[in-house]
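Since the structure comes first, as structure tokens, the remarks are kept for the end.
The values are calculated or read from the model by the stated rules, or taken from the named source; none is laboratory data. Note that this is a predicted model, so its numbers are computed, not measured. Counting neighbours? That spans all protein chains shown, and the Cβs are built from the backbone with ideal geometry, glycine included.
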């Protein structure tokens, strides 16, 4: 029988890879640029940080006697399933029917139970809630824990580990960290993490550049008094597809420290960045991840990071390579053709 | 003015990434498997280890006052150019005519001068280099030839990989290490490195699985009494394109320690390895590198790792992901369509 604190999060201290200097010379005024390779996390994205922290905490609380449920047919579902597989505990993932077969196969490969429910996320989520209610009523005593993809303090705590790793590897606070925003879980984790470190060291926290795509710009709209929540997600960056962000993010933004700068890019920028990043680094990322990386590969007529924060050869910038599995060669061909990239 | 010992090799301690357990369960009988991610080296391949070690040593010897020349099918030249760019040293690269435009562009961007030899094989590029070196005036700056694989310093640099693997496994030796063989530089480095560690620790070095492709199987032929050197390279895995290996590799093989197993796969296997690895791990490598990885993705394939050594829960295997620059979307789509359709995903029932 498991003891308390026996379950530990499964995420890794990912590499902070220096970016080839010629990229930075070309676009970023010679700043030192680093890539935080969270695509190398166990399930393929940074989600492992927050979600395995959440799952481990609940397993420790219930002595290993619980099962987990998720309504994500994306990276959060994969992270939850991968974590549960590592611990040998049950995970059920409720997904809407358009979820790609490849993702369902990945979930099954890590022993998750996949239940296809409805055509849209909210129907899958309703099925999840139904299941939770049924299990509570059946008297088996097994606790069923829903794993929220982004809106939970344990998830934020797990994600905040990224900030600590970055500062440890650099030996100092970076000047800017570029990340993307779906529901805001990662951004909250980074903000909290860097704020804590800043206080410990008596320095100013880094500036967080919060990138979204047009068609998934919930955070941007919230802080710019535009339509919020969004009516729908129309961007191809499905992993950014939250029509509203966690409320905590809006509180952090208002507090003003660390400075958070919301930036919007287009789907075309994201696809262009996927292609450029593959050419440079030979690693495949999703459009959601490409959105942030698009600020690394600027071109005339597109926003550049040096427009958003002052950059010089003394600056240190980190791009979070959040990773993600919802990309394959067929999709990339399609997107390249759709966006003429 | 540069001082002695100012130049240090510019390779990195790369991640030893655990293979996702579900892949190991499916393909490797649940062996503990790892990917040594040399694709994350500065120039994109393990070559940075040996080549930057060599270049740094010579710059230290000449107080920074020398220039470098290299003959290469790509990655060694890129590694040489990368190191020289870092050290502000002059680099001229002689390449066979088959060298892809991608690689040529990268070399130019790194400040190297490219000379395309007449002929599409490495020996011809190397002959052109030797002509150039002979023809230069003796009174000028010393010209140092960077051999892509046949040099003590190159092997020493590559051997650093063995120590990293040993340390990252918690001071334990893997049971097997899978690497590919072009001229044999990497394999020599691994053999030397693991043998040294084995002697220090009183353990046995791992079995080295030396993978080549048909059409570039120089090592296999040498140790099996077949045609050697090869007449030409007919494999798509151009980075394995050495018609003969460094003699030292054959000495090591004949010594019998470490145990070296020669395996040959087809181009189709190599490309399968590239595509499957890209689909599962979202990292793109060249066919040369894919050849080694193909031993893992063994569905419906004649050659797989379990043919070579026993695999199970108690085995630890490291796949060297050597990397390489000559790959992109277009090439992958081309290889996928040329080699016929295999399932993009396999439904699990």
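Do we find that residue A:280 is touching a helix residue (DSSP H, G or I) at 6+ places or on another chain (Cβ under 9 Å), within 14 Å of chain B (Cβ to nearest Cβ), surrounded by fewer than 19 Cβ atoms within 10 Å (Cβ to Cβ) and within 20 Å of residue A:177 (Cβ to Cβ) in this structure?
yes
Looking at the range A:191-209, can you tell me whether even one residue there is closer than 23 Å to residue A:74 by Cα and in contact with a helix residue (DSSP H, G or I) (Cβ under 9 Å, 6 or more places away or on another chain)?
The answer is no; no qualifying residue exists.
With the checklist (1) under 20 Å from the mean Cα position of the chain (by Cα); (2) over 26 Å from residue A:8 (Cβ atoms); (3) within 14 Å of chain B (Cβ to nearest Cβ) in hand, flag the one item residue A:114 doesn't pass.
Condition (1) is where residue A:114 drops out.
Only one of A:294, A:312 is in contact (Cβ under 8 Å) with a residue 60 or more places away in the chain and either within 12 Å of another protein chain (Cβ to nearest Cβ) or under 21 Å from residue A:187 (Cβ atoms) (or both); which?
A:294
Tell me which residues, restricted to the range A:84-100, are farther than 24 Å from residue A:54 by Cα and buried (at least 19 other Cβ atoms within 10 Å of the Cβ).
Residue satisfying the conditions is A:99 alone.
Scan (1) more than 23 Å from residue A:242 (Cβ to Cβ); (2) at pLDDT 95 or above for the single condition residue A:306 breaks and write down its number.
Here residue A:306 meets the rest and fails (2).
What are the residues in the range B:221-241 that are assigned to a loop (DSSP other than H, G, I, E, B), closer than 14 Å to residue B:181 by Cβ and touching a helix residue (DSSP H, G or I) at 6+ places or on another chain (Cβ under 6 Å), if any?
B:228, B:230, B:235, B:237, B:241
From the list B:304, B:289, which one is under 14 Å from residue B:265 (Cβ atoms), within 12 Å of another protein chain (Cβ to nearest Cβ) and either modelled with pLDDT under 95 or buried (at least 17 other Cβ atoms within 10 Å of the Cβ) (or both)?
Residue meeting the stated conditions: B:289.
For the range A:322-340, check the following and say yes or no: at least one residue is touching a helix residue (DSSP H, G or I) at 6+ places or on another chain (Cβ under 8 Å), surrounded by 24 or more Cβ atoms within 10 Å (Cβ to Cβ) and more than 14 Å from every other protein chain (Cβ to nearest Cβ).
No.
Within the range A:220-263, which residues are under 23 Å from residue A:175 (Cβ atoms) and buried (at least 19 other Cβ atoms within 10 Å of the Cβ)?
Within the range A:220-263, A:220, A:249, A:252, A:253, A:258, A:260, A:262, A:263 meet the criteria.
I want to confirm something. Restricting to the range B:20-47 and keeping residues that are assigned to a loop (DSSP other than H, G, I, E, B) and within 20 Å of the chain's Cα centre (by Cα), which single residue is farthest from the other protein chains (Cβ to nearest Cβ)?
Filtering first and then ranking leaves B:46.
In this structure, is residue A:58 assigned to a helix (DSSP H, G or I), in contact with a strand residue (DSSP E or B) (Cβ under 6 Å, 6 or more places away or on another chain) and either touching a residue at least 60 places away in the same chain (Cβ under 8 Å) or within 14 Å of chain B (Cβ to nearest Cβ) (or both)?
For residue A:58, the condition - assigned to a helix (DSSP H, G or I), in contact with a strand residue (DSSP E or B) (Cβ under 6 Å, 6 or more places away or on another chain) and either touching a residue at least 60 places away in the same chain (Cβ under 8 Å) or within 14 Å of chain B (Cβ to nearest Cβ) (or both) - is met.
With the checklist (1) surrounded by 21 or more Cβ atoms within 10 Å (Cβ to Cβ); (2) closer than 21 Å to residue A:324 by Cβ; (3) more than 14 Å from chain B (Cβ to nearest Cβ) in hand, flag the one item residue A:79 doesn't pass.
(3)
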